[in-house]
Structure formats: structure tokens, C-alpha cells
Amino acid sequence: MISFDNVNKFYGDFQVLRDCSTHVKAKEVVVVCGPSGSGKSTLIKCANGLEPFQSGTITVNDVSVGDKNTNLNQLRSRIGMVFQNFELFPHLSVLQNICIAQEMVLKRSKQESTERAFALLERVGLSNQAEKFPAQLSGGQQQRVAIARGLAMDPVVMLFDEPTSALDPEMINEVLDVMVKLAQEGMTMMVVTHEMGFAKRVADRVIFMDQGQIVEDEKTDVFFSNPKSDRAKDFLSKILNH
Amino acid sequence: MGDFDFSVIFDNLPFLFKGMQTTLLLTAVAMFGGIVLGTLLALARMSSITVLSVVATSYINFFRSLPLILVIFWFYFLVPLALGRPVGGLYSVLVAFTLFEAAYYAEIIRAGISSVRSGQAAAARALGMSYTQSMRFIVLPQAFRAMIPILLTQGIVLFQDTSLVYVVGLKDFLVSAELIANREQRLIEMFSFVALVYLAICFSASQGVKFLERRMKR
Amino acid sequence: MNYNWDWSILISEPYVGWIVSGLGWTIVVSLLAWVVAFSLGSILGIMRTTSSSLLRSIATFYVEIFRNIPLLVQFFLWFFIFPELLPVDAGMWVKREMPMPEFTTAIIALGLYTASRVCEQVRSGIESVGAGQVAAARALGLTEWQTMRYILVPVAYRRVIPPLTSEFLTIFKNSSLALTIGVIELTAVTRQIEEYTFQGFEAFTAATVIYSMITFFVMWLMKKIEVRSRVHGMIGSGG
């Protein structure tokens, strides 16, 4: 579904991604973790073209992201993205947030997009918040709306960039529960997160990044029981002692 | 200290009112045109197409480094020449003010657009919306909402700046008052009246903007 | 477009002399007005942030008056009205014997107007330093005045160098209004040249170029000052 081949990215002189190669198969759930600055957020932002990269290739659903001829807007409508800061549109209601891209990009009718929106709100447990505005919702609720907004486009893969990092602790679980359900329903997911419990529950593979490189890339149980690199061992010991 | 005769004001109210209409017309046109052109300039300035960005930045810096009086003189001289025939002062002045104000509005709007969190544009693009769609439906609405107080305040500044048409004799509120002042030898009465009127209008307008600001913060 | 170009007027007498003299007046009026504006504006700005509501009200009153009347009207008020309102002898002196009345009036009008703008910049600079800093200072036992002098003002001024520079430039641009009361500054000179020679394009270009150069120069100066005054590690000192 997604494949990264020798991806390199620079910000000016600073190299953010070094020779990153990995893949995410259909229906696979892959967790990307690592310390701050390791490049994990950048990696998934490259996958939908929000960040450019200088060399290597990234292919999503057989479409090359870096190719000049690719229609990025169309590609992006097939990739769902959930941001750390939710990024709901504050001047639009919850319902409008979920419908706007359906109508503008997928050209669905108002009726169709509204129906889909309500179905999704039901799915994330927020059916009666449709007319509210983002500022009236809690962080956890906003993030669930953001997930619904991404799902409304019927994406083939969902990318999550630290979806729970900006949430108060008591709201993390309501979002993770939605994500777990999504995974169990067979969505292809690539998730940047520190939530190792989530990884253990639903991830098929875990990727560990450090300083722009992919250091570990293996099945979940192998990663947690027997990581190959010292850096990963070190990271795990620190993070699991919380 | 001579005698004051304020009746001169009341006797000439219609004439003064006509002058005020010109002032308000100038303000409205320059404000509207300035905001429209200013938005285009701001977008051009922020664009990744180098030519656009350079042209817009030069325009903005150019007009912001010149006194308004000089710009008025420029267009008063230039517009009839360019059109090949004499033109009423009003048109030259309208062009001058609009082009001048656009540079100031452009900076306000650019700051407003920048203040919309970059994540918003990213979220819109991530959903597949095009640059135009994300600008039009997501970024600009938020930017303008935030900018309304500053845009209005700039409008009040513009309202005061229109008095500079004095230098080309266009009959706005100030010039109308001055004409009466000179004709009737009532400088003190007329100029105090002008000052009071401007004070009243601008002060209430700025209080109005403050009120609006408070309400917008909800 | 029907126009005879003649750039040579810019390098021939008496026009060159006019331009130089006009530029001279512009610079002198602007600098002196800035001295007035900066000193008075600073005092007013501090007054607006003290705890004394009397001082605050006075400063606020000043700002509202000077900000809501167009600068041109203010010029006229000072030039035509003010002498009439003085006691007879003082008024006579101002009208007959005071040297360079146009020049002096221009400086007063421009200076007092700009002071209201400087006041607002200084005020916002002081307010931006933050209640936390003030709390820490007062908790140590510093008086309000000491807090203002040693904690707030030094930090505030560094912060407002960019907007103050902008005000300084604005004074140069606003000095052109002095032409309405008879000061033959740069803009007036170029208009005069246009009226004499009909070479408006050349004349106004000269003024345009000179004002642009003034802007560049002042911006350059500001960068120098800003770099020199940067406090190490202070967020916001980059402007």
C-alpha cells in the first residue's frame, strides 16, 4: 500500500531523513516511534506530499508521490491524515468540517455527504455534536471528529501524526479506542505515537527511528521482546518505565 | 481674542455636508479597493512564484516609503497625462489613495494570513483540497475574521488621511470648511468645528472597533 | 503619452539648490520633531502604565485627542488658531516676532502628534514585559518606580525598536505636511519644480528616490541598533 524506497530529506543543510526504506501492506497497522527529532513525523508527512523530499521514492496505492505528474490533490483525497493538534476548522461546525472536503474534492452532493458524516459521527461516538463548533468540544472529542473527517473521504490508508500527544491523559483512551476499532475493521494505518500500549494491542509492525534513520523495523512482538539495536533497547526501557 | 460667531457654521451646513460626502466617498472607495488589491498583493507576496513575490514586495515597500502627499501629486500629474486628456481631480485622487492604501492593507492582510496556524492549511491540503480551495474556504475566512478590527482601524486612519486632498484643492470636508473660513474670516470657528467633527467621528469609530473586538473574543 | 523628457533639470541650477535645501528642511524638521515626540511620548507611555489613574487618564486623554484629529488639521490649529488663543501680548509675539514661525509650528505639530503614537508603542512594550516580571520584582520589595525603571523600561525599549523605527520613518513622511503652512521641504520643492518646468516626472522621481533612500538608510540604522542592543537569550529581542 505504501512503500518508501531510500528516501532522503534535507531542511537546508540539515538531513532529516536518511535513506529510509520500509513499507506498509494493505490492512497492516504500523506504529512509528522514536525520540523527538528522529524524523518520524516528517516521514509520514512525506507520504502524502505535505513535505517534499529530495531523493528516493514513495509510492502510495501504486501512485508515486514525488512524481511531478502526480495529481497530489487527488492522491491526498485517498489518504486520510490526523494531526497532533486536531486542526479542525474553527469557523465551521463539526458537520461542516466533515462535509466540506467531501463536497469540494469528491464532489458529493450535500445530502450524500451529510449522510456519510452522520454515519461516521455515530462510529466515533459523537452523533449529537454535529451542530457544535470545535471550540465547544473537548480535545478528545475534537480529535475524534478529526478522525471522522479523514474517514469521510473513504481513504485507502490513514496516517496519524502523534494523535494523542496534545490530549489530557483522561481523553487519550477515547481516541485510542476509536483507532483500535479502525484497525480491527481492517484499515491500513501508519501511526506515529508514544502510546506503546496501543502498539502492543493492534500494531502488526513497529518501526523505530532515531536521527532520521529507520533503526528497527519488525513485527510487534519481536520489537518488544528482542529489539536488535541498543538505541531501541534504551528507548524502550525509558518509555516503558512510566 | 476677538468675538466668536459660530453661526457661520450653521449657515453653511449644506456646503460642509457636501464636502463630508466627498470625504466619505474617498474613504469608502479607497478602503474597498485597497483591501481587494491588498489581498492580491498579500497572496502574491506569500507566493512561491518568485516573480510574483518580488513584484508584490517591491510595490509594497515602494508605496510605504513615500509620503502620501507626494503620491497624490504624482497621480494628479500622471493620470491626465497617461489618459491624454484632463481629468477631474477626484479620479486622480481616487487612484492615488487606492494604490497607496493597498500597500498598507497588504501588510495587515499578510500578517493576518500568517497568523492562521499552518496546520489549518496542512489539514485542508491533506483532505485533498487545492491551494485555491484551502485559501478561499479555510485560511482567508479565518484570517479576515481576525483582521477585521485592524482593517477597520486602518479605515479610520484613511478617513483622516483624505484631508490631504487639500494640496490639490479637492473639495472635501476640510477644504470646504477652509473655503468658508477664508471667505467669512472665521478661521477659529471653522477649524475648531472641523477638529471637533473629526474627533467625534474618529473617536466613536475607534470605540466601536474596540467594542467589536471584545465581542469577537466572545 | 505626450511628454518631453528632460532629466537635465535635476542637475542644473537653481533646481538642484532647491532640492538640497528642501531635503535639508525635511531632515531638520523631522529630527527635531522626533526629539519632541520621543521624549514626550516616552513620558506619556510610562504614565499610561502606572498605577495612578490620574496619570493614566491624562495620558489617555492626550492620546485620544491627538490621534483622532487628522494631522493636517492639527497643523492648521497650531498655525492659525493657537496664536489667537494666547493672551494678547504672547499672541502678538508669536505672530510677528517669533523667528521662523512655519518651521517652529511644524515641529510642534508634528512632534506632539507623533508623541501620541510613540506613547502607544512604549505602552505596549511595557505591557508586553509581563505581569510575572512585575510580580517577581515587587515580591523582592522593589517599589513601583524602581520596577518601572530597572525591570520594565529597559526590556520594553528593546522590544519596541522596530515599531519605533517605523514611527521615525513616518515622521519623515509626515514632514511633507509642513508644506501646507509654508515650509519649503522636499515635496514642496519638487512640486515647485513641476510648476516651473512642467517636468513633473523628473521632479517627482527625484523626491521619490530621495525618500526611498531615507527609508533604506533608517532601516539599516535600525538593524545596527537592534543587533547592538540584543539581550542574550531574550525571546522577542529578534523583533
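Test of understanding: among B:Ala195, B:Ala200, which residue is modelled with pLDDT of 90 or more, within 27 Å of the chain's Cα centre (by Cα), open to solvent by less than 40 Å² (accessible area, probe 1.4 Å) and of a type outside the set (D, E, K, R)? Steps first, answer last, please.
Values: B:Ala200 fails: open to solvent by less than 40 Å² (accessible area, probe 1.4 Å).
After applying the criteria, what remains is B:Ala195.
Of the residues C:Leu177, C:Leu169, the single one that is in contact (Cβ under 8 Å) with a residue 12 or more places away in the chain, assigned to a helix (DSSP H, G or I) and in contact with a Leu (Cβ under 6 Å, 6 or more places away or on another chain) is C:Leu177.
Just a yes or no: is a residue in the range A:72-93 more than 14 Å from chain B (Cβ to nearest Cβ) and either under 25 Å from B:Ser118 (Cα atoms) or assigned to a loop (DSSP other than H, G, I, E, B) (or both)? Lay out the reasoning, then the answer.
From the range A:72-93, those more than 14 Å from chain B (Cβ to nearest Cβ) are none; that's our starting set.
Scanning the range A:72-93 turns up no residue that is more than 14 Å from chain B (Cβ to nearest Cβ) and either under 25 Å from B:Ser118 (Cα atoms) or assigned to a loop (DSSP other than H, G, I, E, B) (or both).
The C-beta contact set for the range B:120-135 (first residue closer than 14 Å to A:Asn48 by Cβ, second residue among the aromatic types (Phe, Trp, Tyr), distance under 8 angstrom, 6+ apart or interchain) comprises B:Ala122/A:Phe83; B:Ala123/A:Phe83; B:Ala123/A:Phe89; B:Ala124/A:Phe89; B:Ala124/B:Phe137; B:Arg125/B:Tyr131; B:Ala126/A:Phe83; B:Met129/B:Phe137.
What residue, of B:Gly155, B:Gly112, is surrounded by 20 or more Cβ atoms within 10 Å (Cβ to Cβ) and within 14 Å of chain A (Cβ to nearest Cβ)? Spell out how you get there, then give the answer.
On the way: B:Gly155 fails: within 14 Å of chain A (Cβ to nearest Cβ).
Answer to the check: B:Gly112.
Any idea which residue in the range C:13-28 is nearest to the other protein chains (Cβ to nearest Cβ), counting only those that are small (Gly, Ala, Ser) and open to solvent by less than 40 Å² (accessible area, probe 1.4 Å)? Looking at the filtered set, the residue picked out is C:Gly22.
When restricted to residues that are more than 9 Å from chain B (Cβ to nearest Cβ) and among the polar types (S, T, N, Q), the range C:171-204 contains 3. One residue stands out in the range A:182-196 among those that are over 23 Å from A:Cys46 (Cα atoms) and in contact with a helix residue (DSSP H, G or I) (Cβ under 8 Å, 6 or more places away or on another chain): the one that is most open to solvent (accessible area, probe 1.4 Å), namely A:Gln184. Each residue in the range C:68-87 was checked for being more than 19 Å from C:Ser175 (Cα to Cα) and facing chain B (nearest Cβ under 7 Å), and 2 pass. When each of B:Phe77, B:Phe63 is tested for being within 14 Å of chain C (Cβ to nearest Cβ) and at pLDDT 90 or above, the lone residue that passes is B:Phe63. Out of curiosity, is B:Val93 more than 10 Å from every other protein chain (Cβ to nearest Cβ) and out of contact with any Leu (no Cβ under 7 Å at 6 or more places or on another chain)? The answer is no for B:Val93.
The rows are residues; the columns are (1) of a type in the set (D, E, K, R); (2) on the phi > 0 side of the Ramachandran plot.
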residue	(1), (2)
C:Ile126	no, no
C:Gly141	no, yes
C:Gln146	no, no
C:Val160	no, no
C:Leu164	no, no
C:Leu169	no, no
C:Lys173	yes, no
C:Ala178	no, no
C:Gly182	no, yes
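When every residue of the range B:130-137 is checked against the conditions, none turns out to be in a loop (DSSP other than H, G, I, E, B) and under 24 Å from the mean Cα position of the chain (by Cα).
Here is a yes/no grid of residues against (1) out of contact with any Leu (no Cβ under 6 Å at 6 or more places or on another chain); (2) within 14 Å of chain B (Cβ to nearest Cβ); (3) without any contact (Cβ under 8 Å) to a residue 24 or more places away in the chain; (4) part of a loop (DSSP other than H, G, I, E, B):
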site	(1), (2), (3), (4)
C:Ser30	yes, yes, no, no
C:Phe38	yes, no, no, no
C:Leu55	yes, no, yes, no
C:Lys95	yes, yes, yes, no
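For the range C:41-57, the set of residues classified as more than 17 Å from C:Val155 (Cα to Cα) and open to solvent by 50 Å² or more (accessible area, probe 1.4 Å) consists of C:Ser51, C:Ser53, C:Leu54, C:Leu55, C:Arg56, C:Ser57, listed by residue number.
A single member of B:Ala200, B:Ala177, B:Ala195 is within 16 Å of B:Leu16 (Cβ to Cβ), in a helix (DSSP H, G or I) and at the interface with chain C (Cβ under 8 Å from one of its Cβ atoms), and it is B:Ala195.
Which one of A:Ser113, A:Ser64 is surrounded by fewer than 18 Cβ atoms within 10 Å (Cβ to Cβ) and either more than 9 Å from every other protein chain (Cβ to nearest Cβ) or modelled with pLDDT of 90 or more (or both)? Steps first, answer last, please.
Values: A:Ser113 fails: surrounded by fewer than 18 Cβ atoms within 10 Å (Cβ to Cβ).
Testing whether each residue is surrounded by fewer than 18 Cβ atoms within 10 Å (Cβ to Cβ) and either more than 9 Å from every other protein chain (Cβ to nearest Cβ) or modelled with pLDDT of 90 or more (or both) leaves just A:Ser64.
Among the strands (runs of 3 or more DSSP E) confined to the range A:112-225, the ones with at least 1 residues that are among the basic types (Lys, Arg) are located at A:205-210, A:213-219. With the condition kept exactly as written, say whether any residue in the range B:45-52 is out of contact with any Ser or Thr (no Cβ under 8 Å at 6 or more places or on another chain), surrounded by 14 or more Cβ atoms within 10 Å (Cβ to Cβ) and either at pLDDT below 90 or within 14 Å of another protein chain (Cβ to nearest Cβ) (or both). No; the residues of the range B:45-52 include none that is out of contact with any Ser or Thr (no Cβ under 8 Å at 6 or more places or on another chain), surrounded by 14 or more Cβ atoms within 10 Å (Cβ to Cβ) and either at pLDDT below 90 or within 14 Å of another protein chain (Cβ to nearest Cβ) (or both). Note on the range C:125-138: residues that are small (Gly, Ala, Ser), open to solvent by 60 Å² or more (accessible area, probe 1.4 Å) and in contact (Cβ under 8 Å) with a residue 12 or more places away in the chain amount to 0.
Screening B:Leu66 against (1) in a helix (DSSP H, G or I); (2) buried (at least 16 other Cβ atoms within 10 Å of the Cβ); (3) within 20 Å of the chain's Cα centre (by Cα); (4) of a type outside the set (D, E, K, R) leaves a single unmet condition, (1). Residues in the range C:58-75 include none that are out of contact with any strand residue (DSSP E or B) (no Cβ under 9 Å at 6 or more places or on another chain), of a type in the set (Ser, Thr, Tyr), farther than 30 Å from C:Trp145 by Cβ and open to solvent by less than 60 Å² (accessible area, probe 1.4 Å). Annotation: B:Ala106 fulfils all but one of (1) open to solvent by 20 Å² or more (accessible area, probe 1.4 Å); (2) in contact (Cβ under 8 Å) with a residue 60 or more places away in the chain; (3) away from chain C (no Cβ under 11 Å); (4) not β-branched (Val, Ile, Thr); the unmet one is (1).
Quick check on B:Arg85: is it within 14 Å of chain A (Cβ to nearest Cβ), open to solvent by 30 Å² or more (accessible area, probe 1.4 Å) and more than 19 Å from C:Lys173 (Cβ to Cβ)? In short, no.
Scanning the range A:181-199 turns up at least one residue that is among the acidic types (Asp, Glu) and without any contact (Cβ under 8 Å) to a residue 24 or more places away in the chain.
The values are calculated or read from the model by the stated rules, or taken from the named source; none is laboratory data. These numbers come from a predicted model, not from an experiment. Here Cβ is always computed from backbone atoms with ideal geometry, including for glycine, and neighbour counts include all displayed protein chains. What goes into the accessible areas is simple: the full protein's heavy atoms, side chains included, and nothing from ligands, DNA or RNA. Shrake-Rupley method; radii C 1.70, N 1.55, O 1.52, S 1.80 Å.
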